[in-house]
């Protein structure tokens, strides 16, 4: 009896801890994508060309974010496991590597965007008028990329050490600021001139800068914060320590970077169909991401808690918890699918689209709803379960393989030779995610992802190998 009571208490504590991560991250993503819905409503009411232009311009931002997310996920695997054994020194060295790589990559992207904005926008949109609008947007918005990289690094690392309340609050404040400024600057309210897409870009720049300053104040204004590292702590790692992190993080960066580039290629394919398809897909994408917000929370919660257990060497506990997260995820998928099917018929009415755009949008929304299970489970397997134990090479090959060898070529063949419309092209893209989900499930069953990365590790300063008992 006592054993059962103890077991029930343990499970209750586990799920309380899981929800303490799941809920803030879910709220963060719901706010983010909820406000993105508001943004698309605002831009969409200015015009379809403006919405298509901002969507095309944001593709380079999407690539940037995905590659940054690769750096963050790769480092986060170690931060979560080092947090399991409360190794602050290695956490701060890992954070230094994250800062270094995201800033370096961000600088390259900003310089490229400022140098060749017309070429970048032209990759996704053919109409000259839309390209001009996209250039107006991206020249301003890209100036926010560096502070965004640092803010993301701080916020994501905070999740890995289970400090989420203030980062989530800061993110919410920044996103609300972004929406208010969008309204003021896009439409010219409160005495400001009407700026259109330039106003949307300026709002993003101001909000992201505010977010960065508030994150700095949070980390360094609170004594003893685990991430409040001095410069010497961020840079004092050895070559052996750096190489160990890169060995695990490298495949994640390649995988997420390839996925980000693929997302842009998919959009360029929709651009061949027409700017109406690009505009309609912005709605499909943002609504789909919003509906999956709870999976971002669940993926982060599982990654942190599984990583913490594996860091302590509790392989059996990690396997048990992974199974619980997957069952919980399957229940959520059923509810989300039904909810989307009920809501989708009303979505076209939220926008001031013409009849031709609505005709393109409606069936694409249905396809998105029916395939949401594949995208949700793939995220949970990749970012939650498999990466928590450093199973990154297998994930990379499967993720890149199905996207680049199936999704992209089949979609372009369909568009170029069989006159695919948006819903058919989107179906091919989403099917590649469904196939991945099935393959990742079988990988999960093998238990090959259950690796303890803290068992043998190089000292971050000397480079000698230290074994943890």
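The values are calculated or read from the model by the stated rules, or taken from the named source; none is laboratory data. As the structure is a prediction and not an experimental result, all values here were calculated from the model. Quick reminder, even Gly has a Cβ in these numbers, built from the backbone with ideal geometry, and neighbours come from all protein chains shown.
For the condition in a helix (DSSP H, G or I), surrounded by fewer than 23 Cβ atoms within 10 Å (Cβ to Cβ) and either under 22 Å from the mean Cα position of the chain (by Cα) or in contact (Cβ under 8 Å) with a residue 24 or more places away in the chain (or both), residue 111 does not qualify. Only one entry in 322, 301, 318 is touching a helix residue (DSSP H, G or I) at 6+ places or on another chain (Cβ under 6 Å), buried (at least 23 other Cβ atoms within 10 Å of the Cβ), closer than 22 Å to residue 382 by Cβ and at pLDDT 90 or above, namely 322. Here is a check on your reading of the model: is residue 358 without any contact (Cβ under 8 Å) to a residue 12 or more places away in the chain, under 19 Å from residue 341 (Cα atoms) and in contact with a helix residue (DSSP H, G or I) (Cβ under 9 Å, 6 or more places away or on another chain)? Criteria met by residue 358. When restricted to residues that are farther than 18 Å from residue 299 by Cα and either under 17 Å from the mean Cα position of the chain (by Cα) or touching a residue at least 24 places away in the same chain (Cβ under 8 Å) (or both), segment 155-172 contains 4. Of 128, 136, all but one fail to be more than 19 Å from residue 21 (Cα to Cα) and touching a residue at least 40 places away in the same chain (Cβ under 8 Å); the exception is 136. Here residue 352 meets each of (1) buried (at least 17 other Cβ atoms within 10 Å of the Cβ); (2) under 28 Å from residue 53 (Cβ atoms); (3) over 21 Å from the mean Cα position of the chain (by Cα); (4) in contact (Cβ under 8 Å) with a residue 40 or more places away in the chain with one exception, condition (1). What about residue 129, is it farther than 15 Å from residue 205 by Cβ, at pLDDT below 90, touching a helix residue (DSSP H, G or I) at 6+ places or on another chain (Cβ under 8 Å) and part of a helix (DSSP H, G or I)? Yes, satisfied.
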